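Presented below is the structure to which this report refers.
Every number here is computed from the coordinates shown, using simple stated rules; none is lab data. Everything quoted here is computed from the prediction, not taken from an experiment. Quick reminder, even Gly has a Cβ in these numbers, built from the backbone with ideal geometry, and neighbours come from all protein chains shown.
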Amino acid sequence: RTLGLITTDLALHAPSQIVSAVKSRAAEQGASVLISMVEQPQQCQAALQALLAQRVEALLVNVPLDDPDAEALRALASPVPVLFLDVSLSAQVNSLVFNAGQGAHLGVEHLLSLGHQRIALLSGPESSVSARARLAGWKAALARAGLEAAAVACGDWSAASGYEKGHVLLSGSALPDAILVANDQMALGVMRACAEKGVAVPGQISVVGFDDTADSAWFSPPLTTIRQAFREAGERSVEWLLAPTEGETCWQVQLPVTLVTRHSTA
Ligand code: IPT
């Protein structure tokens, strides 16, 4: 049995950990996985056609896609079933996604419970549906507490961008109490910028990541973050791909996330 997987940049930790989980669960089930990596969402259609030509029986798509793009891809693949991992629940497609709003809320609540009020936000790229959902969730949770973000910056998920934007967020007249970062790789760069500026984490600034990728417990200090269970997501995706439910309505699952408290917050 052969499955297809279209993924965003595998140099990023989260997508590579999802692929790892998909590959091993599929192997356990005696299935092989053909992988196509795309640099731009516009390349998805060509990737899909190439995988269909190799007779995959079902497809998994981990590329951030706006609703019309996901729906068009689903139509193009029909009758081959497709499951999407990085779309909004408003897209009329089968999807298995993490609850971004809940994750954003957990991060804000954690910082508020520690007494922090001047909270800066480092978002992911504007083009990513998940990045936008996390940013909106942070802003909503802050607004519920009667607060506004102390500053907002936007990176591209890489540690390099976290480093660069971290320096920007630290260069204002007053230091923020804390920075909520949209992923762990950018949080790594932020902590490097803090170290260069002589700003203590968590003594002067608390840092919260998002993902809990495999290395995050080994950052210095070990990173407090929002855990997305990538292995579970990959495994459940394979279960669905091997026995897809094709009904009148879309199959949509939203996975909860959890706060993992380590030593970058105090
Ligand atoms: C999302 C990660 O949280 C982020 O760190 C980055 O790697 C991004 O993927 C790449 O697209 S996880 C995704 C399933 C929403």
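Listing for the model above:
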{"quantity": "Qualifying position, being touching a residue at least 24 places away in the same chain (Cβ under 8 Å), closer than 30 Å to LEU76 by Cα and touching a helix residue (DSSP H, G or I) at 6+ places or on another chain (Cβ under 6 Å), among ALA100, ALA159", "calculated": "ALA100"}
{"quantity": "Region 213-229: number of residues that are part of a strand (DSSP E or B) and farther than 11 Å from ALA187 by Cβ", "calculated": "1"}
{"quantity": "Qualifying position, being crowded, with 21+ Cβ neighbours inside 10 Å, over 25 Å from GLN228 (Cα atoms) and not β-branched (Val, Ile, Thr), among LEU48, LEU85", "calculated": "LEU48"}
{"quantity": "Answer from GLU232, GLU239, GLU246 - the residue that is away from the ligand (no atom under 15 Å from the Cβ) and part of a helix (DSSP H, G or I)", "calculated": "GLU239"}
{"quantity": "Residue among VAL33, VAL61 that is assigned to a strand (DSSP E or B), on the phi < 0 side of the Ramachandran plot, out of contact with any Phe, Trp or Tyr (no Cβ under 9 Å at 6 or more places or on another chain) and not hydroxyl-bearing (Ser, Thr, Tyr)", "calculated": "VAL33"}
{"quantity": "Subset tally (residues that are more than 16 Å from the ligand (Cβ to nearest atom) and of a type outside the set (Phe, Trp, Tyr)) for region 218-229", "calculated": "3"}
{"quantity": "Count of region 10-30 residues which are polar (S, T, N, Q), more than 22 Å from the chain's Cα centre (by Cα) and in a helix (DSSP H, G or I)", "calculated": "0"}
{"quantity": "Residues being out of contact with any strand residue (DSSP E or B) (no Cβ under 7 Å at 6 or more places or on another chain) and of a type in the set (A, V, I, L, M) - total across region 1-37", "calculated": "4"}
